[in-house]
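Chemist: Mind having a look at this structure? Questions to follow.
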Amino acid sequence: MDMSYKRAWDLVDELNRVCRQPVVERQTGGKNGGGAALTPFGEALVARYRRIEHTAASAVKKELAALRSEIEKPRKGAAR
């Protein structure tokens, strides 16, 4: 993810602080080491975010294709 361990945990802590319920639960170390897991609320939050992403991508698909077409058009009078 190209971020430091501390930055990742700071973001997790911020999510847990701003939401009404914990998004991520820390798991203490042991034989297999510690870690973290999404709570059921966190799983629902991620699922909702993915639906928003999908809806947004679908909504702009036609416009992005038109923009791509305009960007890729050769300039008038340009040598090929």
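Chemist: So what J values fall out for the stretch 54-65 if you push phi through Karplus, 6.51 cos²θ - 1.76 cosθ + 1.60 with θ = phi - 60°, rounded to Hz, Gly and Pro as x?
Modeler: These are the phi-based 3J(HN,Hα) values: 4, 5, 5, 4, 5, 5, 9, 3, 5, 5, 5, 5 Hz.
Chemist: Hey, another quick one. Separation between the F41 and W9 pseudo-spin-labels, each 7 Å from Cα along Cα→Cβ, expressed in nm?
Modeler: 2.2
Chemist: Answer with one residue from G30, Y5, L64: the one whose Cα lies farthest towards the positive end of the charge dipole of the stretch 3-80, charges on Cβ with Lys, Arg +1 and Asp, Glu -1.
Modeler: L64
Chemist: Taking springs between alpha-carbon atoms closer than 10 angstrom, which of R68, R26, R48 fluctuates most in the Gaussian network model of the chain?
Modeler: Answer for the Gaussian network model of the chain: R68.
Chemist: Quick one: how many lysine pairs in the chain have C-alpha atoms under 28 angstrom apart, if they're 8 or more apart or on different chains?
Modeler: Value for the chain: 5.
Chemist: I would also like to ask the following. Please state, to two decimals, what the Cα-based radius of gyration of the chain comes to when divided by 2.2 N^0.38 Å (N = residues).
Modeler: Rg over 2.2 N^0.38 Å, computed on Cα atoms: 1.84.
Values in this text are rule-based calculations from the coordinates and carry no lab data. As the structure is a prediction and not an experimental result, all values here were calculated from the model. All Cβ positions, even for glycine, are placed from backbone atoms using ideal geometry, and neighbour counts span all protein chains on display.
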